[in-house]
Amino acid sequence: MSPTDSAAPAPAVLQVRGLTKSFGANTVLRGIDLDVPRGKVVALIGPSGSGKTTILRSLNGLETPDGGSVTVGAQLAGAGPEEPRKGHGVNLTLDFSAPVSRRELASLRDRSAMVFQHYNLFPHMTVLQNVIEGPVQVQKRPRPQAVDEADRLLERVGLLEKRDAYPFELSGGQQQRVGIVRALALKPQLLLFDEPTSALDPELVDDVLAVIKELADEGWTMVIVTHELAFARQTADEVVFMDGGIVVERGPASQVLRQPREERTRQFVRRLLHEL
Ligand SMILES: Nc1ncnc2c1ncn2[C@@H]1O[C@H](COP(=O)(O)OP(=O)(O)O)[C@@H](O)[C@H]1O
Ligand SMILES: [Mg+2]
């Protein structure tokens, strides 16, 4: 099969196998498998406490799982909106069944970027400083180049005029759009969103979802934890429902959200729809 054969599956950007994690006696992840092909969007849904944030943090090198593995695929030049970055041309696999070094965790973190529920902007830095901090301090990219890119990204989400403002001067929706720009500025292979709109006032949600939808249409590879089922149905290629540290059900968004096979999924979806 030639690499350009349209029947060939897109190369996986993310492959998770058997991920386990306990906090003391509390077993939070009980063997999670996850595949995200290049340019696809997976929505992760499930009740509070089911381990969704722990998965994202594990993918971002912020949490060290007890077992299982995470592979982030080689970045193929020109295959997505992301420009290839130095060192990203080969697969990276972390096997958590053996001790993993800080350096390995850092290289995992370098491949993905996270957008947090509570934005997590640095309060003492301006918008621009927040955006260029990672590229300049961590990735050691030239400052002028990082500033140019930050300006371009801020313009894109309608926030260029706020580049010198501080986070407290912005609405929640604006802060979250800065959070998204900060993630994009890292040029990751994978974007991770942890309930990006759940802290926002209802009237601010749509602007942020529109930005995320645009990124999906552009071909970014993403994992999104969300309770916005309508958004998940429109945006996600696959929906994964988890509960109690396991994946209960997964499939195309329309199937999992409209015709769940499992009773637990049905109850969860019904409850969320009733709350709307
Ligand atoms: N750093 C931590 N220390 C101790 N327990 C934690 C920590 N992070 C998460 N937990 C626990 O792990 C479980 C899953 O949490 P989380 O991944 O945040 O779930 P979700 O995002 O689905 O709500 C919860 O019981 C939570 O209390
Ligand atoms: Mg969470």
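The values are calculated or read from the model by the stated rules, or taken from the named source; none is laboratory data. Treat the numbers as computed from the prediction; the structure is a model and nothing was measured. Ideal geometry is used to build each Cβ from the backbone, glycine not excepted, and the neighbour counts take in all protein chains shown.
For L34, indicate whether it is under 22 Å from Q234 (Cα atoms), at pLDDT below 95 and crowded, with 16+ Cβ neighbours inside 10 Å. Taking the combined requirement at face value, the residue does not satisfy it. Considering (1) surrounded by fewer than 20 Cβ atoms within 10 Å (Cβ to Cβ); (2) closer than 24 Å to L257 by Cα; (3) touching a residue at least 40 places away in the same chain (Cβ under 8 Å), the lone condition that G172 does not fulfil carries the number (2). In the set G68, G31, G49, G61, only one residue is free of Cβ contacts under 8 Å to residues at least 60 places away in the same chain and in a strand (DSSP E or B); that residue is G68. Given the condition of a type in the set (S, T, Y), over 21 Å from S58 (Cα atoms), buried (at least 21 other Cβ atoms within 10 Å of the Cβ) and in contact (Cβ under 8 Å) with a residue 12 or more places away in the chain, answer yes or no: does some residue in segment 199-221 qualify? Checked against the condition, which is being of a type in the set (S, T, Y), over 21 Å from S58 (Cα atoms), buried (at least 21 other Cβ atoms within 10 Å of the Cβ) and in contact (Cβ under 8 Å) with a residue 12 or more places away in the chain, segment 199-221 yields no hits at all.
Determine, yes or no, whether L159 is over 25 Å from V13 (Cα atoms), out of contact with any strand residue (DSSP E or B) (no Cβ under 7 Å at 6 or more places or on another chain) and either touching a residue at least 24 places away in the same chain (Cβ under 8 Å) or surrounded by fewer than 21 Cβ atoms within 10 Å (Cβ to Cβ) (or both). In short, yes. Among the residues making up segment 188-198, those that are surrounded by 15 or more Cβ atoms within 10 Å (Cβ to Cβ) and either more than 16 Å from ligand 2 (Cβ to nearest atom) or among the polar types (S, T, N, Q) (or both) are P188, Q189, L190, L191, T197.
Residue count for segment 35-55 satisfying the condition of being more than 16 Å from ligand 2 (Cβ to nearest atom) and not small (G, A, S): 6. In this structure, G39 qualifies as surrounded by fewer than 23 Cβ atoms within 10 Å (Cβ to Cβ) and either near ligand 1 (Cβ under 10 Å from one of its atoms) or at pLDDT below 95 (or both). The sole residue among R182, R177, R152 that is in contact with a Gly (Cβ under 8 Å, 6 or more places away or on another chain), part of a helix (DSSP H, G or I), away from ligand 2 (no atom under 16 Å from the Cβ) and over 29 Å from L273 (Cβ atoms) is R182. Can you name the residue in segment 118-132 that is part of a helix (DSSP H, G or I) and touching a residue at least 40 places away in the same chain (Cβ under 8 Å) and, of all such residues, is farthest from the chain's Cα centre (by Cα)? Residue satisfying both the conditions and the ranking: V127. H118 fulfils the conditions (1) crowded, with 18+ Cβ neighbours inside 10 Å; (2) within 16 Å of ligand 1 (Cβ to nearest atom) except for a single criterion, (1).
Of all residues in segment 89-109, one or more are crowded, with 18+ Cβ neighbours inside 10 Å, away from ligand 1 (no atom under 16 Å from the Cβ), in a helix (DSSP H, G or I) and among the hydrophobic types (A, V, I, L, M, F, W, C).
Among residues of segment 246-260 being among the charged types (D, E, K, R) and surrounded by 13 or more Cβ atoms within 10 Å (Cβ to Cβ), the one that is farthest from V16 (Cα to Cα) is E249. Residues in segment 209-266 that are among the polar types (S, T, N, Q) and in contact with a helix residue (DSSP H, G or I) (Cβ under 8 Å, 6 or more places away or on another chain): T226, Q234, T235, S254, T265.
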